[in-house]
Structure formats: structure tokens, C-alpha cells
Amino acid sequence: MSQASPIAAAQVRDAAPLFAALGDETRLRLLVRLAASGPESITHLSAESTVSRQAIKKHLDVLSKAGLVRGDRRGREHIWELEPKRFADACEYLDRISRQWDDALDRLKHFVED
């Protein structure tokens, strides 16, 4: 029976803003759009949205602070793109939690069977 190492407090502090940013429908839609189309300006990201450009900008700022996107100035436009490393971090956190649950269920199974 393998024991998944618990997530350290510092890792939890790092993961909390990441998952908080992912917990909003508008932000998830922005991420899906950027994943499908690649880098985009706020103008393009807000073109098919019912949300204002100002609201899109605020959502992008939250995603940026969580490390999920980055914005770069290109001429007069601000272009936003995904930061793949933070998505890998999210997968790693979820995999570790999944292993912890698997270990806990395995321990329960052995306890019940003994």
C-alpha cells in the first residue's frame, strides 16, 4: 500500500488562488477560448461575450494573478495567452489529491476486510 505524501501548507497556499480563479464560469470560458484560438486581444475576447470589455479585463487580471494567463503589449493591443505551466500545476495538485483518496480508500478496504 503506497502512501501519497500530504500536500504541504505552502503548496495549498499556492494552489488556492489557482483554483479560485478556475471557479468562475466567465474565466473558464475565457480560458477555453484562449486554448482553442491561441493568443487574443481583449477586443476579440469580448466580441462574442455578453460581458463588457472592462469585466473581461478584470477577469483576465484575476487569471493573470493566478498565473494562468499572461498579457503582452503589442502595439496598441494587449494580447493574452495561456500559461501552460500553471495548468500542469493544477493537474499535479489534483493527481496528488486523487492518490491520497485512493490510499485512504485502500486503507479503509483493508480495515473492513480485516
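Give the cross-link partners of Lys57 among the lysines, using a straight C-alpha distance below 19 Å as the criterion and excluding same-chain residues fewer than 8 apart.
Lys65
Helix 53-65: angle to the longest alpha-carbon principal axis of the chain, degrees 0 to 90, nearest 10?
Long axis of 53-65 versus the principal axis of the chain: about 40 degrees.
Within a 10 angstrom radius of the beta carbon, how do Thr43, Thr50 rank from fewest other beta carbons to most?
So the ranking, lowest neighbour count to highest, is Thr50, Thr43.
Kindly list the residues of the stretch 13-33 that lie in the label zone of Glu92, defined by a backbone N under 16 Å from the point 7 Å along the Cα-to-C-beta vector.
Counting backbone N atoms under 16 Å from the label point, the list is 13-19.
Using Cα atoms only, what is the angle between the long axis of helix 25-37 and the major principal axis of the chain, expressed in degrees (0 to 90) to the nearest 10?
Once rounded, the angle reads 70 degrees.
Could you line up Lys57, Lys85 from fewest to most neighbouring Cβ atoms inside 10 Å?
So the ranking, lowest neighbour count to highest, is Lys85, Lys57.
Please order Val62, Val32 by the number of other Cβ within 10 Å, starting at the fewest.
Ordered from fewest to most neighbouring Cβ atoms within 10 Å, Val62, Val32 come out as Val32, Val62.
Taking amide H positions as placed in the peptide plane 1.01 Å from N, state which residues far from Glu77 in sequence (5 or more) or on other chains have amide H under 5 Å from it.
For Glu77, no residues qualify.
Along the Cα→Cβ direction, 7 angstrom out, place labels at Ala9 and His78. What is the inter-label distance in nm?
3.5 nm
Helix 9-22 versus the longest principal axis of the chain: what angle, 0 to 90°, nearest 10, using Cα atoms?
50 degrees
From zero outward in steps of 10 Å, how is the percent of C-alpha pairs of the chain spread across the bins?
13, 37, 23, 15, 9, 3, 0
Excluding Asp89 itself, calculate the net charge of residues whose Cβ lies under 10 Å from the Cβ of Asp89, where each Lys or Arg counts +1 and each Asp or Glu counts -1.
It works out to a net charge of -1.
What are the ³J(HN,Hα) values, in whole Hz, obtained from phi via the Karplus relation 6.51 cos²θ - 1.76 cosθ + 1.60 with θ = phi - 60°, for each residue of the stretch 94-102 in sequence order, with x given for Gly and Pro?
Ordered by residue, 3J(HN,Hα) equals 5, 5, 5, 5, 4, 5, 4, 5, 4 Hz.
Laboratory data are not the source of any read-out in this text; all were calculated from the coordinates shown. None of these values were measured; they are calculated from a predicted model. Because the Cβ atoms are built from the backbone with ideal geometry, glycine has one as well, and the counts that use them run over all protein chains shown.
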